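Peer 1: My questions will all concern the structure given below.
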Amino acid sequence: VRSSDSGDPGGLAIGADIGGTKIALGVVSDAGELLADEVVPTPTDDEAAIIAVIQAAAARFRDVYPGITALGAGAPGWVEYPAGIIRFSPYIAFSRRSLRDRLAAATGLPVVVDNDANLAAWAEARFGATPGASPLLLLTLGTGIGGGLVAGGEVYRGRNSLGAEVGHVIVDPDGERCGCGNRGCLEAVASGTALGRAGRALAEADPGGMLARLGAGTGTGTGVTGATVTQAARAGDQAATELLGRAGYWCGIAAASLVAMLDPEVIVVAGGLAEAGDLLLGPMRASLAGHVFAGHLREAPPVVVSRLGARAGVIGAGAFSRHVQAGPRRRR
Ligand SMILES: [Zn+2]
């Protein structure tokens, strides 16, 4: 693994994590420190508006940190790497032109653009709870389920930059319909969206129960979301605890297949559902241990909560742009 720390210790980069509702931006050191950060709403008009927001933030950062030499941006959806073209995203405006080239023209900096979960996984592998662990598999459990795979210090993207889409590993082919069109993807049975849907059904069936009470008052149906289910489970509600356990069970089933394929050193769990902690991870670990290949010959890999949390996207975007800058052999 190349250490970019050795070449140019003074180097800093801007990281931008473009989300569906907000863009998180920051100044990132080669050691993975977040020196400054800000959050702005994501413009919904078009990609040019997103570029303008990042350009303005970059100018503000560079006034304070003249040592900035690169910019990295993560985007949700199908991002063709290294061209930095967003081929499809249900979450943000995109143009099918190279976002990498447009950001480079707007800022005058060398730019990398990659899938947001890939960059978060890279940050976890480099700066997370188990630095250097390889392969490292990241699962981001939020509204949807994403993921990333890092081996030997490099992101694995596959043939079409569509690798490591762990949310669409099929665990129950006769199960719930997924947003992608298939049935029983992990995302369809274990995401925050799936948890909220199951929680709403429970709240409707039991209007006096804790889920119904916690979700009340939002003015939209039962108001129950995945976060409500987590909240109820933490407060000791048995039905909510079982829903989280079910989600954890499916995550463990998916993880068992991924472990058979990849033999990762560690599985890192991030995203909103990670806040449920052992209420989710306990059943996930049990399900993984119960289904892992060659379980009588080895331990299943540890399943740990992300140390970087929501900052992983910004830190990964910034630090990875410096990593690419340091190693020309990585440019294809
Ligand atoms: Zn799917």
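Peer 1: Quick one: how many residues across the stretch 260-318 are surrounded by fewer than 16 Cβ atoms within 10 Å (Cβ to Cβ) and in contact with a Phe, Trp or Tyr (Cβ under 6 Å, 6 or more places away or on another chain)?
Peer 2: Qualifying residue count for the region: 1.
Peer 1: Just to be sure before I move on: is residue 171 touching a Leu at 6+ places or on another chain (Cβ under 6 Å) and closer than 30 Å to residue 302 by Cα in the structure I sent?
Peer 2: On the way: touching a Leu at 6+ places or on another chain (Cβ under 6 Å): yes; closer than 30 Å to residue 302 by Cα: yes.
It is true that residue 171 is touching a Leu at 6+ places or on another chain (Cβ under 6 Å) and closer than 30 Å to residue 302 by Cα.
Peer 1: Another question about this same structure. Hey, could you check the stretch 147-180 for residues that are assigned to a strand (DSSP E or B) and closer than 20 Å to residue 130 by Cα and say which is nearest to the ligand (Cβ to nearest atom)? Give the derivation first.
Peer 2: Taking the stretch 147-180 as the starting set, the residues that turn out to be assigned to a strand (DSSP E or B) are 147-151, 154-155, 170, 177.
Checking the rest, the ones that are also closer than 20 Å to residue 130 by Cα come to 147-151, 154-155.
Numbers: 147: 13, 148: 17, 149: 18, 150: 23, 151: 24, 154: 26, 155: 21 Å.
Restricting to residues being assigned to a strand (DSSP E or B) and closer than 20 Å to residue 130 by Cα, the top hit is 147.
Peer 1: A further question follows. Hey, among 186, 195, 162, which residue is in contact with a helix residue (DSSP H, G or I) (Cβ under 9 Å, 6 or more places away or on another chain) and under 19 Å from residue 90 (Cα atoms)?
Peer 2: Values: 195 fails: under 19 Å from residue 90 (Cα atoms); 162 fails: in contact with a helix residue (DSSP H, G or I) (Cβ under 9 Å, 6 or more places away or on another chain).
The match here is 186.
Peer 1: Sticking with this structure for a sec: Starting from residues that are in a helix (DSSP H, G or I) and surrounded by fewer than 20 Cβ atoms within 10 Å (Cβ to Cβ), keep the ones in the stretch 185-230 and report whichever is farthest from the chain's Cα centre (by Cα).
Peer 2: Keep residues of the stretch 185-230 that are in a helix (DSSP H, G or I), which gives 186-190, 192-205, 210-215, 226-230.
Those still in the list that are surrounded by fewer than 20 Cβ atoms within 10 Å (Cβ to Cβ) too: 193, 197, 201, 204-205, 213, 227.
Working: 193: 15, 197: 21, 201: 27, 204: 31, 205: 33, 213: 31, 227: 17 Å.
Only one residue fits best here, namely 205.
Peer 1: Right, here's the next one. Being in contact with a Pro (Cβ under 7 Å, 6 or more places away or on another chain) and closer than 30 Å to residue 216 by Cα narrows it down to one residue among 277, 248, 272; which is it? Don't jump to the end; show me each part of the working.
Peer 2: Values: 277 fails: in contact with a Pro (Cβ under 7 Å, 6 or more places away or on another chain); 272 fails: in contact with a Pro (Cβ under 7 Å, 6 or more places away or on another chain).
After ruling out the rest, the residue left standing is 248.
Peer 1: Scan the stretch 181-199 for residues that are within 8 Å of the ligand (Cβ to nearest atom) and of a type in the set (S, T, N, Q) and report the count.
Peer 2: 1
For every residue, the table says whether it meets (1) surrounded by fewer than 18 Cβ atoms within 10 Å (Cβ to Cβ); (2) at pLDDT below 95.
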{"residue": "131", "(1), (2)": "yes, yes"}
{"residue": "134", "(1), (2)": "yes, no"}
{"residue": "137", "(1), (2)": "no, no"}
{"residue": "150", "(1), (2)": "no, no"}
{"residue": "160", "(1), (2)": "yes, no"}
{"residue": "168", "(1), (2)": "no, no"}
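Peer 1: Which of the residues spanning the stretch 310-332 are at pLDDT below 95 and either part of a helix (DSSP H, G or I) or closer than 19 Å to residue 17 by Cα (or both)?
Peer 2: Initial filter on the stretch 310-332 (at pLDDT below 95): 310, 325-332.
310, 325, 326, 328, 329, 330 - these are the residues of the stretch 310-332 that are at pLDDT below 95 and either part of a helix (DSSP H, G or I) or closer than 19 Å to residue 17 by Cα (or both).
The values are calculated or read from the model by the stated rules, or taken from the named source; none is laboratory data. Computed from a predicted model, the values in this text were never measured in an experiment. For neighbour counting, all protein chains shown are included, and Cβ atoms are generated from backbone atoms with ideal geometry for every residue, glycine included.
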